[in-house]
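*Asks:* Got a structure here, written out as C-alpha cells. Questions coming.
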Amino acid sequence: MPGKPAVLVKSLEKDYGGIKALKGISFEIREGEIFGLIGPNGAGKSTTLKILATLLPPDWGRAEVFGHDVVKEAEKVRMLISYLPEEAGAYRNMTGHGYLRFMAGLYSQATGKDADEMVELGIKIAGLGARLHNRVATYSKGMTRKLLLARALMVRPRLAILDEPTSGLDVSSAYEIRKRIKEFSREEGVSVLVSSHNMLEVEFLCDRVAIIEGGRIVETGTPGELKAKYEAENLEEVFVKASGRVFHG
Amino acid sequence: MGELWIMFKKELADILRDRRLLAAIIVPIILIPLLFGVLQSSSRSSSLVISVVNEDSGEYSRALIEFLEESGVVIDNGSPVRLVIPAGFSDAIKSGRSPSLLIETELSSVLDFKTVRLAGALKALVLRFGEGVFPSIRPEFRLDVGGSVLSVEPSRYVSALLRSALAVPLVLFVIGVYASQAVAASVAMEKEGKTLETLLTLPVSRRSIILGKIFASVVFSFLVLASLTLSAWAVSMLPKTSGGGPTGVSVGVGPVVFFSAGVFLLFLLMLLTSLLVSLFTLDVRSALSLAGLVEVLYLIPLLVAFAGLDVSGAAGLLVKADPGYAPLWAFLSATNGDYLRAAAAVLYLLLWNGLVLRLAVWVFESGVLMTKSIDAGKLRWLIRVKI
C-alpha cells in the first residue's frame, strides 16, 4: 500500500514572457526515493525545481510536497525541503565552518532541531577536513559544491531538491558527490529530486527518472524499465529514442 | 602599462555595455536641465527687488540709488529687503568718515533662502559702489525672523542656524544616503554571489530577511554617525581661531525635534526604496546606480529650498508631495507654532514608509523577485532585468 507521495506534480505550466518553459508536466515522487529529472539545457528542469522549492509560482497546475501546496503553504513546504540551486554560492567572507553554523542556526530557529548536531553532520558530509576553517573565497569550485551539498543535507530535510549537483565538477569530485547523495538518502530515508543533463549520472543515482524535453515529460520509469522498453544500453540512448532526437555524424 | 591599458579598456567596455550606467550618464544630462527648466519657469522672477528708505538728501545717496538701478535693481516698497540710507550719509563721505548703511531683511521663514540671497546680492552691490568711495562703506544689518529681530547678516544667520540647529539632522540625511547604498548593495551582493536563491528557500520569514538587512544597514549607519560625532567633538575641542557665527541663534527645541523625526523617517524611506529597486537588479553596480537615482528623487525638495527657488503651480505641488519635502514642512510648521501640521508631515512620511515596506515584502515574497518578469517594458532600458 503506497503512502502519501513526497512530491505530487499535476499539469504544471510556466511561461516566461511568452516562452513556455513548462507545458503541463505531471509526475510523482515516492517517499525515500531518488527521482531524477533528466533532459537537455532549457528543457524545464530548473523551472520545475524552482517551483517545488517555492521560488517560483506556477502559472497553472498544482505542485505539492508531502501534501502541502507549494504556493498556498509555501512556509510549511520550506520547513520540509532543502534546495541546492544549480549556480549556488556560499558567503565568501565566511569560513566553511562558519557558513554551516550560520545555516544551522537559521534552521534551528525555524525547526527546533539541534544546531550542533546539524553542523556535525555537515562537517561529515562536506569532508573538507581542516580546509573547513578557511574562508570560502579560497575554495575551489568542487570544494564549494561539497560545502553547499553538506548545507543542503545536514538539516535532514524530508525532500532534498538538487539542481545539477555535479555540474562543472571534475570526475572525482562528481563521483564523490553522487556517492554521498546516494548514501545519505539510503541512511536517512530522505526523498531526493535531482535534475541533470548527465544521463549516466542519473542512471547511477536514481531509483526512477522522468525524461523532460521542451517543457513536456516524454517518459517516466526506472532506468531498467526504460532501457528495456527502448532496447537501449543506457539512459542516453533512451533519451535519444524517447525524445525522437537523432544524432548526426 | 600594457596590461593596465588592456584592463582599462575591458572595464570601460563593461561600463559602456551596461545600459543602466549609460542611463546614469544620460538621464542627468536630460533630467536635471529639464527639472530646473520646469522649476525656473514655475518660479517667479528672480530679479533683485528691494525697497529703499533714503533719509539722506545728499549727492552720494542719489548716486548710490542710480548705481543700483543701473545694475538692474528694481525698487519696490513691498520687498522684504530694505536699504536704509541714514541722514548724513553724503556728509560722512565728504568729511572722510566711513559712512554706514542699514540693510533690513525680513525672512518669511528660517529657510527663506531666496531673501537671504537677495540681501547678499544687495550687500555685494553696495560694497562695489563703495569701491569708488573713500573711506569704504560699512553696511549694517537688521534681520527680522518671525518677529525676532537680530543685528546680524542674513547669510551668517543661516550659516549659524545650520551649524547649531540643523547640523545633526542634515548629517543624518547624508548618512541616509550612505546607508541606502549599503542596503541596496546587500541584496545585490546576494544575487551576485548566488546566495539569494538558497536564502529564499530557507524556513525563514522573508520579512525577517528584509528587515535584517535594513536594520543592519541602520546600525552600520549609526556607527558611521557616531564616528562623525566623535570627530566633530574632537574638532570642537581644538582651540578657536576666529569668532565664527553669531551667538544666540536658535529656533527652539520643537522645530528641531520635528525636523529630526522627519529626516529620520526620510532616511528609513530612502533605505526601503533603495532596497525595493535593488530587488530588480542583478549586481552591486546596478544596485548602487539605481539607489543613487532614488536618492536624487528625495533630494529635489531640499535642492529647491536651498537654491531659494519659489516654485508654484503643478511643479510646486509635485515638490511638496515629494516625501523629501516633509521634513522641511514639519520644520517650518513647527517654527510657526503649528504643531498639528508638523505632526501631519511626520505622519505622511510614516505612511510612505509603511507603503514601501509592504511593497518590498510583497516583491520579496512573490515570484517577481526570481523571474524579474515584472512589467519592465518601460524600465528595461534603465535596469538590468533577467528574463
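The values are calculated or read from the model by the stated rules, or taken from the named source; none is laboratory data. A quick note: this is a predicted structure, and the numbers were derived from the prediction, not measured. Here the Cβ positions follow ideal geometry from the backbone for every residue, glycine too, while neighbour counts run over all protein chains shown.
*Asks:* Could you list, in sequence order, all residues of region A:48-68 that are more than 10 Å from chain B (Cβ to nearest Cβ), closer than 17 Å to residue A:160 by Cα and in contact with a Lys or Arg (Cβ under 7 Å, 6 or more places away or on another chain)?
*Replies:* A:66, A:67, A:68
*Asks:* Go through region A:91-134 and give me each residue that's assigned to a loop (DSSP other than H, G, I, E, B) and more than 13 Å from chain B (Cβ to nearest Cβ).
*Replies:* Residues satisfying the conditions are A:114, A:127, A:128, A:134.
*Asks:* Just give me the residues in region B:269-310 being closer than 24 Å to residue B:361 by Cα, assigned to a helix (DSSP H, G or I) and modelled with pLDDT of 80 or more, in sequence order.
*Replies:* Across region B:269-310, the qualifying residues are B:269, B:270, B:271, B:272, B:273, B:274, B:275, B:276, B:277, B:278, B:297, B:298.
*Asks:* Now for a different question. Please count how many residues of region A:79-106 are within 16 Å of the chain's Cα centre (by Cα) and closer than 12 Å to residue A:152 by Cα.
*Replies:* 7
*Asks:* Next up: Given the condition at pLDDT 85 or above and of a type in the set (Lys, Arg), answer yes or no: does some residue in region B:53-63 qualify?
*Replies:* Yes, region B:53-63 contains at least one residue that is at pLDDT 85 or above and of a type in the set (Lys, Arg).
*Asks:* Also, quick follow-up: Of everything in region B:194-210, what is at the interface with chain A (Cβ under 7 Å from one of its Cβ atoms) and either without any contact (Cβ under 8 Å) to a residue 40 or more places away in the chain or not acidic (Asp, Glu) (or both)? Give them in sequence order.
*Replies:* The answer is B:194, B:195, B:198, B:200, B:201, B:202, B:203, B:204.
*Asks:* So residue A:42 clears everything in (1) crowded, with 17+ Cβ neighbours inside 10 Å; (2) free of Cβ contacts under 8 Å to residues at least 40 places away in the same chain; (3) assigned to a loop (DSSP other than H, G, I, E, B) except one condition, right? Which one?
*Replies:* (1)
*Asks:* Looking only at region A:202-217, decide whether some residue is surrounded by fewer than 23 Cβ atoms within 10 Å (Cβ to Cβ) and assigned to a helix (DSSP H, G or I).
*Replies:* Within region A:202-217, one or more residues are surrounded by fewer than 23 Cβ atoms within 10 Å (Cβ to Cβ) and assigned to a helix (DSSP H, G or I).
*Asks:* Sticking with this one: Consider residue A:75 carefully, then state whether it is surrounded by fewer than 19 Cβ atoms within 10 Å (Cβ to Cβ) and either within 11 Å of another protein chain (Cβ to nearest Cβ) or in contact with a Ser or Thr (Cβ under 7 Å, 6 or more places away or on another chain) (or both).
*Replies:* Yes: the conditions hold for residue A:75.
*Asks:* If you take the residues of region A:78-89 that are assigned to a loop (DSSP other than H, G, I, E, B) and facing another protein chain (nearest Cβ under 7 Å), which of them is nearest to residue A:168 (Cα to Cα)?
*Replies:* Within region A:78-89, the match that is nearest to residue A:168 (Cα to Cα) is A:87.
*Asks:* For the list (1) closer than 13 Å to residue A:35 by Cβ; (2) among the hydroxyl-bearing types (Ser, Thr, Tyr); (3) crowded, with 22+ Cβ neighbours inside 10 Å, I need the number of the one condition that residue A:166 fails.
*Replies:* (1)
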